[in-house]
Amino acid sequence: MVHFVGAGPGAPDLITMRGADLLRRADCIIYAGSLVNPALLALARDGCTIYNSAEMTLEQVLEVLQEQESQNHETVRLHTGDASIYGAIREQMDALDRMKIPYDDTPGVSSFCGAAAALNAEYTLPGVSQTVIITRLAGRTPVPPRESLAELAKHGASMVVFLSAGLLPEVQKELLRGAYTENTPAALVYKATWPEEKVVRCTVGTLAQSGALHGIRKTALVLVGDFLQATAYDRSKLYDPDFTTEYRKGNQA
Ligand code: SAH
C-alpha cells in the first residue's frame with residue numbers, strides 16, 4: 001500500500017504522530033527532497049529503501065510505487081507541508097487507481113500555518129478578515145486568468161502567496177492593483193519552522209525591497225493583509241460573556 005504523508009513545514013517534530021508511525025514502518029520512502037527536512041529520514045527503519053523525488057519524474061516515482069507494491073511493501077510518499085497544497089498528488093493517485101494500488105493520505109501542517117505561527121498571527125481576525133486566500137503568482141506554471149493575483153487582491157482579504165518568492169517585484173505590483181495599498185502590512189517568512197527561519201515584516205510597498213535586502217528568493221511565503229498589524233479588531237463572540245453558545249449561557253440570556 002502507498003501512504004501519502006504530509007511532512008509538515010520543516011521542523012521534524014511537526015509531522016503528525018500518524019505520519020511518523022508510517023515512516024517508522026515503511027519499507028520504502030519517496031520524499032520530496034527539495035523541501036522535506038531530511039532529519040525525518042532518521043525515523044526510517046534499517047533496510048528501508050529511500051528515494052529523493054526531486055531527482056525523479058512522475059513516471060519514475062510510479063515505477064518505484066509499482067515495484068514496491070509487487071513485493072507487498074508499505075511505501076510512504078512524503079510531501080512537504082500538507083500534500084493537498086501544491087503537492088501534485090492527484091496525478092499520482094489517479095495513476096495508482098489505474099494500477100489498482102491502494103493508498104491513503106495523512107495530512108500535515110502546511111507551511112502557511114507554520115508561517116502564521118512564526119508571526120504569532122491569526123489570519124481570521126474578527127472585524128478584519130474572515131477569509132484566507134492561498135494562491136501563487138503565474139510563473140512557468142500558469143494560473144487560471146480569473147485567479148490572477150491582481151484579481152484576488154481585489155478582496156483585500158488575508159492572503160498567502162506560495163511559490164513566488166523569486167518574483168517579488170511582480171507580486172508587489174499585482175497586489176497593488178487590488179485593494180491593498182503601499183501601507184498594507186506584509187511579511188516574508190523564509191523556511192518557517194526550520195532552524196534557519198527568517199521573518200521579515202514589511203508593507204506591500206516595501207515587499208520587493210525587503211526580499212532583496214534579506215536575500216530571500218525561494219522557500220518563502222508572502223503574507224499580506226491587515227491581520228498582520230491590526231490593533232483594532234472585534235473580540236470573538238465565542239468567548240464573549242454576553243454571548244450564548246451550545247456549551248455556555250451568556251450573561252444577557
Ligand atoms: N505542500 C506545501 C507547499 C509546497 S509548494 C505546504 O503545504 O506547505 C512549495 C512552496 O511552499 C515554496 O515555494 C514556498 O513558497 C512554500 N514553503 C514550503 N515550505 C515552506 C517553509 N517552511 N517556509 C516558507 N515557505 C515554505
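The values are calculated or read from the model by the stated rules, or taken from the named source; none is laboratory data. Quick caveat, the model's predicted, so the values are computed rather than measured. Cβ sites come from the backbone with ideal geometry, for glycine too, and all protein chains shown count toward neighbours. Accessible surface areas use protein heavy atoms only, side chains included; no ligands, DNA or RNA. Shrake-Rupley method; radii C 1.70, N 1.55, O 1.52, S 1.80 Å.
Taking the charge dipole of segment 29-148 about its Cα centre, with +1 at Lys and Arg Cβ atoms and -1 at Asp and Glu Cβ atoms, the residue from 34, 73, 130 reaching farthest to the positive side is 130. Only DSSP H runs of four or more residues enter the estimate; each adds -39500 (n - 2.57), and after division by the residues of the chain the mean residue ellipticity at 222 nm equals -6500 deg cm²/dmol.
Using only side-chain charges placed at the Cβ, +1 for Lys and Arg and -1 for Asp and Glu, the dipole size of segment 203-253 relative to its Cα centre rounds to 240 debye. Comparing 179, 15, 164 along the charge dipole axis of the chain, the residue lying farthest to the positive side is 179, per the Cβ-charge model. Pair-distance distribution P(r) for segment 1-133, from all Cα-Cα distances in 10 Å bins starting at 0: 12, 43, 29, 11, 4, 0 percent. Based on C-alpha pairs under 8 angstrom that are at least 6 apart in sequence, segment 108-253 has a relative contact order of 26 percent. Within the assembled protein chains, the solvent-accessible surface assigned to residue 112 is about 40 Å², based on a 1.4 Å probe.
Can you work out the base-10 log of I(q)/I(0) for segment 147-253 at q = 0.17, 0.19, 0.21, 0.24 1/Å, using the Debye formula on its C-alpha atoms alone? Evaluating at q = 0.17, 0.19, 0.21, 0.24 Å⁻¹ gives log10 I(q)/I(0) of -0.75, -0.86, -0.99, -1.24. Solvent exposure of segment 180-253 amounts to 63 Å² per residue of accessible area, where only protein heavy atoms count and the probe is 1.4 Å. Note on segment 139-176 and segment 35-110: Cα centroid distance 29 Å, given to the nearest whole angstrom.
On a per residue basis, the convex hull of the C-alpha atoms belonging to the chain measures out at 164 Å³.
Net charge dipole, segment 85-158: roughly 240 debye, given to the nearest 20, about the Cα centre with Cβ charges of +1 for Lys and Arg and -1 for Asp and Glu.
Relative contact order for the chain using alpha-carbon pairs under 8 Å, separation at least 6, rounded to a whole percent?
On the way: 491 pairs, mean separation 46.8, N = 253.
Relative contact order comes out at 19 percent.
Summing Cβ point charges (Lys, Arg +1; Asp, Glu -1) relative to the Cα centre of the chain gives a dipole of roughly 620 debye. Alpha-carbon geometry of segment 92-216: the Rg and the Dmax are 16.7, 53 Å, given in that order.
Averaged across orientations, what area in nm² does the convex hull of the alpha carbons in segment 107-155 project?
Details: hull surface 19.7 nm².
Averaged projected hull area, Cα only: 4.9 nm².
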